[in-house]
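Written out below as structure tokens is the structure these notes cover.
All of the numbers you see were taken from the coordinates with simple rules; none came from a lab. No experiment lies behind these values; they were computed from the predicted model shown. Cβ placement follows ideal geometry from the backbone for every residue including glycine, while neighbour counts extend to all protein chains displayed.
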Amino acid sequence: MFDQGIRFELAHLASVELLTADLEGSLWFFKELLGMRETDRKGDSVYLRCYEDPYHHSLKLTAADEPGLGGVTWRTTSRDALERRAAALDSEGVGLGWTKGDLGVGPTFAFESPDGHRMELVWEIEKYRAPEDLKSKILTRRSKRPLQGLPPRRLDHVNLMASDVTAQKDVFEKALGFGTRERVLDYTTNTEIGAWMSVNILGHELAIMRDSTGNKGRLHHIAFWYGVPQHNSDAAELCREYGVEIEAGPDVHGITQGAFLYVFEPGGNRVELFGNSGILELEPDFETVTWDFADFDTGLAIGGAKLPAETYFIYGTPPHGPRRGAIASADRSSTASNLADSTP
């Protein structure tokens, strides 16, 4: 449940940094296949955005030895809210102090989740202004829909793996005002297996899943929003045609009622393509829905799609052990070249 006193202190998820072991392969996936536009480069990092994302970037790709989560940025609703949430994070013992920010981002307050995920809060942020050739005639759209690939509209959510879901969830509730919309509970051990959380009307912008390997600070996936379920089927066709590994879907989760397609981008990170809006929570006094871990097949997939246990509930980034069916880097490079050759 939202803490009513801090309910409107965070606005939404602003951006995510992904670490990639194959920067060129990741750029091919996000720019060519998903049609995201590059907005800047700095060192080993490339900044990208979807055509309806409001800011300078929603995704930062950074070259690294192994894939994983570089960081998550949340925007507050005001400068004063930023100060108050920074103090609350310090009180919880997870604050790391103030930073100068990044490209397109003003001063931030950095913190680390109890499980070791690096995050930051920001108020001052550069709103995207399209150049003349990219201005949309649809005035509520930040830029023209790209002609390249099958472009999602915006960044949607981030799903983290954690050694202790409850410890992670409690800090986000107490310090940042997240509401837990749904959770999965193992009643035999009274252990929370997963939690889906939000600070606005979206069904979730943050999910936390128990890491059965016992590791800390890993990423399960980031998600981009289509808003049209058919696009997930179209994306599955593109992924099959061009050698992108599909893990599961298209189908619809019972949890959040989100239409999903899970794939692995060439750098090794899991990406979800989110084909509908899922649940929109309008009730100010909503009650958390609890699913029983022993019986929640519908929670996983309404249509009966199998989420492979050997990957979906174990694989995260950075990885620990090989992923079954992983595409070799040589194949990825060939795929990228083939697509480039076929693009007019």
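FRET efficiency for R141 and S233, Cβ-Cβ distance as r, R0 = 22 Å, nearest 0.05?
The value I calculate is 0.40.
Considering only the other residues whose Cβ falls under 9 Å of the Cβ of T288, what net charge follows from Lys and Arg at +1 and Asp and Glu at -1?
Details: positive: R181, R183; negative: E182, E287.
Every neighbour counted, the sum reads 0.
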Notebook entry, point to check: Summing Lys, Arg as +1 and Asp, Glu as -1, what charge do residues with Cβ under 13 Å from the Cβ of G35 carry, G35 excluded?
Noted result: +2
Next item on the list: Quick one: of K42/K100; K60/K216; K60/K100; K31/K144; K169/K216; K31/K60, which pairs are farther than 19 Å apart, Cα to Cα?
Entry: K60/K216
Note to self: Placing unit charges on C-beta atoms (Lys and Arg positive, Asp and Glu negative, everything else neutral), compute the dipole magnitude of the chain about its Cα centre in debye, rounded to 20.
What the structure shows: 1020 debye
Next item on the list: Scale the Cα Rg of segment 7-73 by the rule-of-thumb value 2.2 N^0.38 Å and send over the ratio, two decimals.
Entry: 1.14
Check: Taking the chain as a Gaussian network, Cα atoms linked when under 10 Å apart, which of P54, P284, P114 shows the biggest mean-square fluctuation?
Finding: P284
Check: Between E132 and A294, what length in nm is gained on full extension when 0.36 nm per residue of separation is reduced by their alpha carbon distance?
Finding: 52.8 nm
Item checked: Selected from T188, T108, T290 as most flexible by GNM, with the chain as the system and alpha-carbon contacts under 10 Å -> T188
Next item on the list: With runs of 4+ DSSP H residues as the only contributors, calculate the mean residue ellipticity of the chain at 222 nm using -39,500 (n - 2.57) per run, divided by the residue total and rounded to the nearest 500.
Entry: -5500 deg cm²/dmol
Notebook entry, point to check: What share of the DSSP beta bridges in segment 4-320 is antiparallel, in percent to the nearest 5?
Noted result: 70 percent
Check: Using DSSP loop states and a limit of at most 12 other Cβ atoms within 10 Å to flag trypsin sites (Lys or Arg not before Pro), what is the longest stretch of the chain containing no flagged site?
Finding: 138-305
Notebook entry, point to check: Under a 5 Å amide H to amide H cut-off, with H placed in plane at 1.01 Å, what residues pair with F178 once short-range neighbours are removed?
Noted result: E173
Checklist line | Backbone HN-Hα couplings from phi across segment 23-31 [Karplus 6.51/-1.76/1.60, Hz, Gly and Pro as x] | finding: 4, 5, x, 5, 5, 4, 4, 6, 8
Next item on the list: Pull up all non-local amide H partners of E92: gap of 5 or more, or a different chain, and H-to-H distance under 5 Å with H placed in the peptide plane.
Entry: none
Check: If you average the sequence gap of Cα pairs under 8 Å that are 6 or more apart and divide by the length of the chain, what percent do you get for the contact order?
Finding: 19 percent
Margin query: Just want the answer: with Cβ charges of +1 for Lys and Arg and -1 for Asp and Glu, which residue in T140, A259, L23 is farthest toward the dipole's positive end in the chain?
Written below: T140
Notebook entry, point to check: If amide H atoms are built 1.01 Å from N in the plane of the peptide, which residues on other chains or at least 5 residues away come under 5 Å of the amide H of E247?
Noted result: Y262, V263, F264
Next item on the list: Go ahead and run the numbers for FRET between L103 and D44, Cβ-Cβ distance against an R0 of 22 Å, rounding to 0.05.
Entry: 0.95
Check: Given a Förster distance of 25 angstrom, what is the FRET efficiency for A11 paired with S91, based on the Cβ-Cβ distance and rounded to 0.05?
Finding: 0.70
